Amino acid sequence: MIEIRLPDGKALDVPAGSTVLEVAERIGAGLARAALAGRIDGELVDLRTTIESNAAIEIVTSRNPEGGEVIRHSAEHVMADAVKRLHPNVQIDVGRTDHSEKFQYDFLVENPFTPADLEQIEKEMQKILAEKCPFTRRVVTRDEARALFSEMGEELKVSRLDDIPEDAEISVYEHGQFTDLCRGPHVQRTDQIGAFKLTETAGAYWRGDESNPMLQRIYGTAFANKKELKAHLQAVEEARQRDHRRVGQDLELFFIDPLSPGSPFYLPKGMILYNGLIDFIRSLYPAYGYDEVMTPQVFRTEIYKTSGHYQLFRDDMFLMQGDEDEELGLKPMNCPGHCVVFASRKRSYRELPLRLAEFSRLHRNERSGTLTGLSRVRSMAQDDAHVFCEPEHVDQELDRFFEMTDEVYRALEIEGFEVAVSTQPSEFVGDPADWKLAEQTLVGAVERAGFQHAIKPGDGAFYGPKVECDFRDVLGRAWTLSTLQIDVAMPERFGLRYIGRDGNPHRPAMLHRAILGSLERFIALYTEMKGADFPFWLAPEQAVVLPITEKHLDYARGVGKALTDAGLRARVDDRNEKLGFKIREAELCKIPLMLVVGDQERADGTVTPRWRHGASGKAGATPVPALVEALAQDVDNRRTPRISQ
RNA sequence: GCCGGUGUAGCAUAGUGGUUAUUGCAUCUGCCUUGUAAGCAGAGGGUCACGAGUUCGAAUCUCGUCACCGGCUCCA
C-alpha cells in the first residue's frame, strides 16, 4: 500500500500501481466521471498513469485551467481521426495545443482544405463525440511504433519518431479506429470534449522549414461545454474591436494605402502619439546620458558590406542605383551609421560610454506576406540607440537599460510582457566564442533585473544575441517591443578603437537597444493594450467643450481658447445637437475630458468636467483658470490629472 | 515569398446570372433649442478592387493582377 495525499489535506491508502483514475473513483463516482487528467506531485499526467509510491495526487476536471488543455489536446486527435475517416489518403503529421485556447493539426494532403471541408470535418467530429469512444493508452517500443505507423502508411509519423529522445517512453493513444503517437494526457472518452469549433486553415511548412513541402494545418478550439465555447468566441470578437487597425481607422490615427504597402500615413491625431512618444523618450535622455544624432537615410553599399548587412540582410533592403557603378541602399538600421560616427575621430576612454540615439526612419523590404497593420511595416522609426563602452562596463549598461525600460513602462502604465534571450542564429558574423560570452552576459543581466525568461535558440540578430520584451496583441500574437543586443561583430568590422588609460588602442563593446522598439509597433500594441484610452498627456484630443445650446457657444469658445492657449489639445463641439449626443461622440472618440457649459457655468465662469467612461467630477463646477493651470501642469509632468477624476 | 480566405459609398453591410445595387452610421440642408452615451425630416454620395474571358445579359461564373485578413517562414 502507498499513501496518497489529496489537495484538501486528507490522506488515502491505495495499492501500489493504482491508476490516477482509480484514486478518483475512491474519492467519489462523480469525480471519477468528471475526471479529465491528474497531477502526480504537481506534474500533469494521464488518468491511466499508475502511481508507484507515496505522492500528492490531484484530479483535474474541466474546472481546472489545465482541464481545457486536456480537452483541446484530445479534440486534436478527434479532428485528425475525422480527417482520416473522410480522406483516407491524407497523411497526418503532428498536432499541438499551446497554453492558448487553440489546437492545431498538420496534414499532408493533395488539395488544401476548403471551408466546406472544415464543415464536413466538424460534422464527422460530432459523430465521433457522440460515439463516446474511450481513449486508451499503450506504451510501445521504438521498433513497435515504427512498424505500427509504417503499416498505416504514416511516413511523416515514422520520421517524427526520431525526434523522441533515446531514453523517453513512447506511448500511443487510441480511440475508435484512430491511433496516434502521443505523450498525452487525454480525456477518458470523446464526449468529454463538450464543444468545439474549427476556426481556420493555414499552410505550414513541414518541420517549420521553408525549403520543405507545405502541409495544411487546421486550427480549432474546444471546451468542456457550449457555454464556455460561446463565451470564448464572444471574448475573441470583443478583442477584435480593440484591434489597432480598426481603431486607427475609426479614430483617424493612420492609414495604409496600397500605393505603399507596409508604410503608414500618419494623420494629425496619429502624429500626436508619434511625436508625444518621441518627446517623452527624448526627455529621459539627459538623465540616462544619451546624445541624439542624425545619420543619412541612404548609404553607399560599402557600409553594408562592412557591417555584414549586405551579406546577411540584403533581401530585406531597398537597394538602388546611383551614378555609374555606385550602388546605394536605404538604411534598414542605424547601427552602421553610428559606427561611422564613432569612428569619425579619435575616441578616448574618457568619453565612454558614448550613447548615440537616433529616431530616423528606417526602411526594410519585408516580404509581402509578413506585413500587418502597424505591427510589421516596411517603414518605421525606432527609439534607437547604440552604446559604445569599455568591455568591463557592459554589465552596468545592461542594468541601466532595464532601469530605463522600467521607468518608461511605469510612466506609460504598461505591463504583462514576457522576456526572452535569443541566441546565435545559423547565419551570423563574429566569433562563436564571443557569442557564447555575450549570451551569458545577457542572461546574467536578465536575472539581475529579476525576470523569468525563456531562451529562443537561434533567434538572435546576425550580429549578436538579444534580450527582448514581448507583448501580446488582441489576437494573442507575441511581438517584440523593447530589445537589447550585444554586438559581437561590428566594432571589429568597422575597426573601432578608443585610447585607454594605458595609452593603447582598444576595441569598444557595442550594444544596440530600443525601449519602445519601433514607434509603429509600439503604437499598435499600446493602442490595443489601452483600448485607445491614452493617458491625458498623450491623448490626441485631450478635452472637448460641450455647450448645452447655441446660446452658450460664445462662452464655450472662450473656454476652448483658454485651453488651447495653455497648450492643451481642445476643441468646442459647436454642432447643433443635444448634450447626450455630444457626450456619446466624445466617448467614442476616446476624449478623456468633457467640459459641459450652460447657463450656470457661464454665469459663474466655470465648467462642469466629465471624465471619459462617465466618471463625473465630484467637485462639480470648476473655475476655468484653475482647471487650465492644473491640467497644463499635469501634462508637463506627463501625469494623469488628479482633478476631480 | 508560400497556403487559404476576402475585396460593394468615408465606415459597417444586403445582394450567388435578369428593371434604376440594399440598409445603417457618417456627410449636407431644414426643423427642433437641447443638462451627462444616439431628437425629427429630406437630399447628395457607387468605375460593385483592377484587367481579361464565358454569356443575349456578370457585383454574382472562370482566369490573371493588386491589396488586405488568418497562418507558415522571417522580424522592431
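Computed from the coordinates by the stated procedures, all read-outs in this text should not be read as laboratory data. Values in this document were obtained by computation on a predicted structure and should not be read as measured data. With ideal geometry, Cβ positions are generated from the backbone for all residues, glycine too; neighbour counts draw on all protein chains shown.
Entry note, the range A:470-516: relative contact order of 39 percent, from Cα contacts under 8 Å with a spacing of 6+ residues. Length, then width, then depth: along the principal axes, the Cα atoms of the range A:37-82 run 40, 21, 12 Å. Counting only alpha carbon atoms, the long axis of helix A:553-565 and the longest principal axis of chain A meet at about 90°. Placing +1 on each Lys and Arg Cβ and -1 on each Asp and Glu Cβ, with no other charges, gives the range A:543-636 a dipole about its Cα centre of roughly 300 debye. Give the value in nm², to one decimal: projected area of the alpha carbon convex hull of the range A:114-226, averaged over all directions. Approximately 8.2 nm², given one-decimal rounding. Computed from the alpha carbon positions, the gyration tensor of the range A:429-578 leads to an equivalent ellipsoid with semi-axes of 51, 21, 12 Å, biggest first. By the helix-only formula, in which each DSSP H run with n ≥ 4 contributes -39500 (n - 2.57) and the sum is divided by residues, chain A has a 222 nm mean residue ellipticity of -10500 deg cm²/dmol. Per the Cα gyration tensor, the range A:188-242 maps to an equivalent ellipsoid with semi-axes of 28, 18, 7 Å, ordered largest to smallest.
Show which lysines lie in cross-link reach of A:K84 when reach means a straight Cα distance below 17 angstrom and same-chain residues fewer than eight apart are skipped. Cross-link targets: A:K123, A:K127, A:K157.
Scoring A:601-609, A:483-491 by mean Cβ neighbours within 10 Å over their residues and listing the highest first yields A:483-491, A:601-609. Relative to the longest principal axis of the Cα atoms of chain A, the long axis of helix A:142-151 makes an angle of roughly 90 degrees. One quarter of the convex hull surface built on the alpha carbon atoms of the range A:465-533 amounts to 6.5 nm², the projected area averaged over directions. Across the alpha-carbon atoms of the range A:390-508, the computed radius of gyration and Dmax are 15.8, 56 angstrom.
Size descriptor for the range A:271-320, Kirkwood hydrodynamic radius: 13.7 Å (Cα pairs only, one decimal). Contact order for the range A:157-314, expressed relative to its length and based on alpha carbon pairs under 8 Å spaced 6+ residues apart, stands at 10 percent. For the range A:230-364, the normalised intensity computed at q = 0.09, 0.18 Å⁻¹ comes to -0.45, -1.13 (log10 of I(q)/I(0), Debye sum over alpha carbons, equal scatterers, no solvent).
Each pair of Cα atoms in the range A:7-140 enters the Kirkwood radius, and Stokes-Einstein at 37 °C and 0.692 mPa s then converts it into a translational diffusion coefficient of 195 µm²/s. Placing unit charges on each Cβ (+1 for Lys and Arg, -1 for Asp and Glu) gives chain A a dipole about its Cα centre, and among A:P261, A:G203, A:G460 the Cα reaching farthest toward its positive end belongs to A:P261. For chain A, the longest principal axis of the C-alpha atoms and the axis of helix A:624-636 are separated by about 60°.
Couplings for the range A:129-139, taken from phi via the Karplus curve 6.51 cos²θ - 1.76 cosθ + 1.60 with θ = phi - 60°, read 5, 5, 6, 6, 5, x, 8, 10, 10, 9, 8 Hz in order; Gly and Pro are left as x. Structure note, pairs A:K230/A:K456; A:K102/A:K331; A:K305/A:K436; A:K226/A:K530; A:K197/A:K590; A:K305/A:K466: Cα-Cα distances above 32 angstrom occur for A:K230/A:K456; A:K102/A:K331; A:K197/A:K590.
Peptides A:461-474, A:186-199, A:307-320, A:559-572: what's the order by average Cβ count within 10 Å, highest mean first? Could the numbers behind the result be given before it?
On the way: A:461-474: 22.9, A:186-199: 21.1, A:307-320: 16.7, A:559-572: 18.4.
For the peptides A:461-474, A:186-199, A:307-320, A:559-572, the packing ranking is A:461-474, A:186-199, A:559-572, A:307-320.
Please report the net charge: other residues with Cβ closer than 9 Å to the Cβ of A:A357, K and R +1, D and E -1. Please report the intermediate quantities before stating the final value.
Values: positive: A:R282, A:R355; negative: A:D291, A:E292, A:E358, A:D383, A:D384.
My count for the surroundings of A:A357 gives -3.
Under the combined filter of DSSP loop state and at most 16 neighbouring Cβ atoms within 10 Å, the range A:302-348 retains these GluC sites (Glu not before Pro): A:E324, A:E326.
Under a Cβ-Cβ cut-off of 10 Å, what is the net charge of the residues other than A:K157 that fall near it, where Lys and Arg count +1 and Asp and Glu count -1? Write out the running numbers ahead of the final one.
On the way: positive: A:R146, A:R160; negative: A:D93, A:E154, A:E155, A:D180.
Here the count lands on -2.
Entry note, chain A: relative contact order of 8 percent, from Cα contacts under 8 Å with a spacing of 6+ residues. Here the range A:293-321 and the range A:367-416 have alpha carbon centers that stand 22 Å from each other.
Taking only the C-alpha atoms, wrap a convex hull around chain A and report its volume per residue in Å³ as a whole number.
Convex hull volume per residue, Cα atoms: 233 Å³.
Binning the alpha carbon pair distances of the range A:2-61 at 10 angstrom intervals from zero yields the distribution 27, 65, 8, expressed in whole percent.
Stokes-Einstein at 4 °C, 1.567 mPa s, Kirkwood radius from Cα pairs: D for the range A:267-530 in µm² s⁻¹?
On the way: Rh = 19.0 Å.
Approximately 68 µm²/s, per Stokes-Einstein.
When DSSP beta bridges are limited to those with both residues in the range A:543-636, what percentage is antiparallel, rounded to the nearest 5? Approximately 50 percent, going by the DSSP bridge assignments. Take every Cα-Cα distance within the range A:543-636, group them into 5 Å bins from 0 onward, and report for each bin the whole-number percent of pairs it holds. Here the calculated profile for the range A:543-636 is 3, 15, 28, 28, 20, 6, 1.
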